[in-house]
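What follows is a single structure, written as structure tokens, with notes after it.
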Amino acid sequence: MSMALPDPAARERLLADEIAGKFPDARGRFGPYGGRYVPETLIPALDRLEAGIRAHLHTPQFQARLGSELASWVGRPTALSFASRLSAAWGAQVWLKREDLAHTGAHKINNALGQALLAQQLGAQRIVAETGAGQHGVASAAACARLGLPCTVYMGAVDMERQAPNVGRMRLLGAEVVPVTGGDQTLRAAIDEALRDWVADPSGTFYLLGSAVGPHPYPYLVRELQAIIGREARAQFLQDQGVLPDAVFACVGGGSNAIGMFHAFVPDRSVQIVGVEAGGRGSGLGENAASLSYGRPGVLQGCYSLLLQDDDGQIQETDSISAGLDYPGVGPEHALLMTAGRVQYESANDAEALEALQECARLEGILPALESSHALHGVKRWARSHPGGRVILCLSGRGDKDMPTLQRTVLK
Ligand SMILES: *Cc1c(COP(=O)(O)O)cnc(C)c1O
């Protein structure tokens, strides 16, 4: 069971504080969530990072450098495409925010490039990153190559086998990929290794974290670097339609593309905001990766948020057809937005995502990532109860990387 929601007045106060920009607060919290649940040895490194963000991230010089790289190398602004045939089929008016067109094929590059530039600004000599499915590792390796920074990517040995093409991509981009054979040999063990490396030399090394999760200030930093998605989409839509959309949708793994899409729209109370999690095979323990829909409060990787755990607080196995959504936790700002009642979170299962992927490919000539296809299904469901409604969906990435899964399922 999810925790009980606070009373309406308390929810309204949380939302007002969020809109006023009061989160994260001085303790790195988004209302009850977030913070820093880490060993003492990590605190100085996190403090240094926080001070670096405060000193540089929002200066005109840093923003000019970031903006120039986003335009000339990443390919921003990404298009906002009206999906006319999908709209006709589903009965609502659907626009796609095309993060699949960003360099390396997904929104992850916005964050990787921004953090790599910040690392360079702070005088770091090398970057460490962790990766699960390999997409964040590829984005990090590309950003580091662009800036001439050495890059070490920790990856679970099991994941390296499952994601061999991405291991090759990272190596071609000049990164060193280190197999992690301890723990569960997947993402969680890789994060622990990357943290250990960082703590050994916190001033010379920069830890480039891949989603809006982890200890403060990472959820804030990643949100600031991804919020360009929603700012662009909002301006593009207003320019084109002269009004705000009725709704915006995004898929939620750790929550970075979703918070990036949502953040600019949170103050627009007429705009419904919906996050779609991985429903996997079903609603039972271990059958999905829907931390907001089925999770309970707890601490994972330095952060207090909602997570999938059993009655003893043991982290649950997760399951999803999309590797990028297959994570037992979620960023603290999403937990806040749900508690404040501003964003609704729902889930789409494996079969629903696969069906939406095929419809998008056939009707729009766009092969979306399996992750993004969960949000597509959410929009399809929404359209039934909102005929003619105008909705923007964050198409977080392209589906080429999912071909092995698609060969095994829909092409079989
Ligand atoms: C990694 C990934 C996601 C999930 O990560 P978030 O941090 O939740 O955005 C979603 N879509 C694509 C295409 C990804 O590569």
If I ask for residues that are within 16 Å of the ligand (Cβ to nearest atom) and under 14 Å from Ala356 (Cα atoms), which ones from the range 403-412 would you list?
Leu406
Yes/no for Val222 being more than 16 Å from the ligand (Cβ to nearest atom), closer than 25 Å to Pro328 by Cα and either among the charged types (D, E, K, R) or part of a helix (DSSP H, G or I) (or both)
no
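Residue-by-condition table, conditions (1) among the hydrophobic types (A, V, I, L, M, F, W, C); (2) within 20 Å of the chain's Cα centre (by Cα):
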| site | (1), (2) |
| --- | --- |
| Asp17 | no, no |
| Gly28 | no, yes |
| Val38 | yes, no |
| Pro44 | no, no |
| Pro77 | no, yes |
| Gly114 | no, yes |
Which numbered condition trips up Glu50, out of (1) more than 28 Å from Pro202 (Cα to Cα); (2) of a type in the set (Asp, Glu); (3) touching a residue at least 60 places away in the same chain (Cβ under 8 Å)?
(1)
Return the pair list, or none, for Cβ contacts closer than 8 Å from residues in the range 124-141 that are in the same structural domain as Arg162 (by TED's automatic domain parsing) to residues that are more than 14 Å from the ligand (Cβ to nearest atom) and of a type in the set (Asp, Glu), at least 6 apart or on different chains.
Val128/Asp197; Glu130/Glu193
Of the residues in the range 319-349, those that are surrounded by fewer than 24 Cβ atoms within 10 Å (Cβ to Cβ) and under 12 Å from the mean Cα position of the chain (by Cα) come to Asp326
Select, from Gly114, Gly183, the only residue that is of a type outside the set (Lys, Arg), within 16 Å of the ligand (Cβ to nearest atom) and touching a helix residue (DSSP H, G or I) at 6+ places or on another chain (Cβ under 7 Å).
Gly114
Among the residues of the range 366-409, what is the count of those that are in contact with a helix residue (DSSP H, G or I) (Cβ under 9 Å, 6 or more places away or on another chain), assigned to a loop (DSSP other than H, G, I, E, B) and over 18 Å from Leu325 (Cβ atoms)?
2
Single residue of Ala369, Ala348, Ala353 found to be in contact with a Lys or Arg (Cβ under 9 Å, 6 or more places away or on another chain), within 12 Å of the ligand (Cβ to nearest atom) and in the same structural domain as Asp268 (by TED's automatic domain parsing)
Ala369
Please go through the range 151-187 and give me each residue that is surrounded by fewer than 16 Cβ atoms within 10 Å (Cβ to Cβ) and more than 23 Å from Val213 (Cβ to Cβ), ordered by number.
Glu161, Ala164, Pro165, Gly168, Arg171, Leu172, Gly174, Glu176, Thr181
Before we move on, is Lys108 farther than 30 Å from Arg196 by Cβ, touching a residue at least 24 places away in the same chain (Cβ under 8 Å) and within 16 Å of the ligand (Cβ to nearest atom)?
no
Ala264 vs. criteria in contact with a helix residue (DSSP H, G or I) (Cβ under 8 Å, 6 or more places away or on another chain) and either touching a residue at least 40 places away in the same chain (Cβ under 8 Å) or outside the structural domain of His216 (by TED's automatic domain parsing) (or both):
yes
Which of the residues belonging to the range 372-389 are more than 16 Å from the ligand (Cβ to nearest atom) and either crowded, with 20+ Cβ neighbours inside 10 Å or closer than 25 Å to Glu287 by Cα (or both)?
Lys380, Arg381, Trp382, Ala383
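The values are calculated or read from the model by the stated rules, or taken from the named source; none is laboratory data. For clarity, every value in this text was computed on a predicted model and none was experimentally measured. Cβ atoms come from the backbone with ideal geometry, glycine included; neighbour counts cover every protein chain shown.
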